[in-house]
Amino acid sequence: MNKIKITTPGKLFLAGEYAITQPGNLAIVAAINLGLTLTISETHNNVSTMTSNLIESPLTFNIDHLPNTVADTKWCYALSAVHIVQDYMYHHQKPLLKEFNININSDLDHSTGKLGLGSSAAVVVAVVEGLDRYFKLHLSRIQLFKLAALAHLNVQQSGSLGDIAVGVYHGIIAYSSPDLSKFEQPYTAKIVDSPWSGLHIEPLTWPMNWQLYLAPTYQAASTKKALKSVQIPAVFYKQNITIVDKIIIAIKSQNYQQLKQYIAYNQALLTEYLPATYSTSKLATVLSYIQQHQLAGKISGAGFGDNAYIIALTQEPLPATNFDVLPVTIYEDLKIGGNYD
């Protein structure tokens, strides 16, 4: 078989954090040009191997005797992805996977700390897509998303799956999370062909004259952990939908002033209902800069670390900063139109 090489982007939440953990709520997620590359190739010794620039020890296994995907294994997400694809082949009475070699080279961590761009989601998406292309499974985009989503959930137990969705569909998406409560856990590939209530993925077109900047803190954070320490009322979720709808309209109409206004409203909503520690000193510095220079931007992801982002007009140079800022581009390797429900 030929060697297959694919690139999977990292993610950046632009709006709708925390609310998107409730099925049916709404967020906007961007795929960016920082990501990982996966290479899958033939093996010559009847054993499968996985290697990565981020994991010191390689993993070897036999495809017919996959090791368990336990939480304390660094390879747990990649292994979970292999499990779910093999399970899909079994349930659809298709030839099972054969041995392979996989190498993962990631840009989603930094020498000073994690970038918080969805590295675990990128791994499961890359492995599922890599297996699809290498073994010519001819899976659709929605099947790829669902398989990667199940692989991720079977390790992490929860999550909005917005990072999985944008990893599969690329570009900028408006995203509503599915309600999987009617399905038994651990999830199996049998539910891939079932309707997922509440799921909505709508590709958006990013204006050519808007430049996105990443402001990393290099401090890892977790929405799941943060939600354990805070009670978020129903009004938060209702207000989020209204605000995110306005941001979607701003992107579609390329209205930068409306974008700036409603991203600020989304930030104010998050700040109001989350603990004070949500905005660390580094993040507060970025928010102050955004306000001072009248730019669009906010905290991205869980807060308590992670990142912030800035959106500026390309014809206007970004004022000098006293924090790290990286210009990033929207990763749009696949041109996909229409809605995906």
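The values are calculated or read from the model by the stated rules, or taken from the named source; none is laboratory data. Here the structure is a predicted model, which is why all the values come from computation and not from measurement. Glycine also receives a Cβ, built like all others from the backbone with ideal geometry; neighbour counts cover every protein chain displayed.
Where in segment 186-291 are the helices (runs of 4 or more DSSP H), entirely inside, with at least 1 residues that are in contact with a strand residue (DSSP E or B) (Cβ under 9 Å, 6 or more places away or on another chain) and surrounded by fewer than 20 Cβ atoms within 10 Å (Cβ to Cβ)? Outline the logic, then answer.
Values: elements: 223-228, 234-253, 256-273.
Correct list: 234-253, 256-273.
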Among the residues of segment 302-319, is there at least one that is within 20 Å of Leu117 (Cβ to Cβ), aliphatic (A, V, I, L, M), assigned by TED's automatic domain parsing to the domain that holds Tyr218 and out of contact with any strand residue (DSSP E or B) (no Cβ under 7 Å at 6 or more places or on another chain)?
yes
Please indicate, with yes or no, whether at least one residue in segment 108-131 is among the β-branched types (Val, Ile, Thr), modelled with pLDDT under 95 and over 20 Å from Glu17 (Cβ atoms).
yes
When you scan segment 105-119, do you find a residue that is farther than 30 Å from Asp324 by Cα and either touching a strand residue (DSSP E or B) at 6+ places or on another chain (Cβ under 6 Å) or outside the structural domain of Tyr90 (by TED's automatic domain parsing) (or both), even just one?
no
With the condition kept exactly as written, say whether any residue in segment 317-329 is at pLDDT 90 or above and under 16 Å from the mean Cα position of the chain (by Cα).
yes
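Could you please find all residues in segment 170-185 being under 16 Å from Val125 (Cβ atoms) and part of a strand (DSSP E or B)?
Of the residues in segment 170-185, the ones under 16 Å from Val125 (Cβ atoms) are 170-171, 173, 175.
Scanning segment 170-185 gives Ile173, Tyr175.
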Being among the charged types (D, E, K, R) and either crowded, with 19+ Cβ neighbours inside 10 Å or not assigned by TED's automatic domain parsing to the domain that holds Ala215 (or both): is that true of Asp324 here?
no
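Just to be sure I understand, how many residues within segment 22-66 are within 30 Å of Asp245 (Cα to Cα) and either touching a Lys or Arg at 6+ places or on another chain (Cβ under 8 Å) or small (Gly, Ala, Ser) (or both)?
Kept after step one, since they are within 30 Å of Asp245 (Cα to Cα), are these residues of segment 22-66: 22-35.
Add one more test, that the residue is either touching a Lys or Arg at 6+ places or on another chain (Cβ under 8 Å) or small (Gly, Ala, Ser) (or both), and what stays is 24, 27, 29-32, 35.
So the count comes out to 7.
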Kindly indicate whether any position in segment 113-134 is in contact with a helix residue (DSSP H, G or I) (Cβ under 7 Å, 6 or more places away or on another chain) and on the phi > 0 side of the Ramachandran plot.
yes
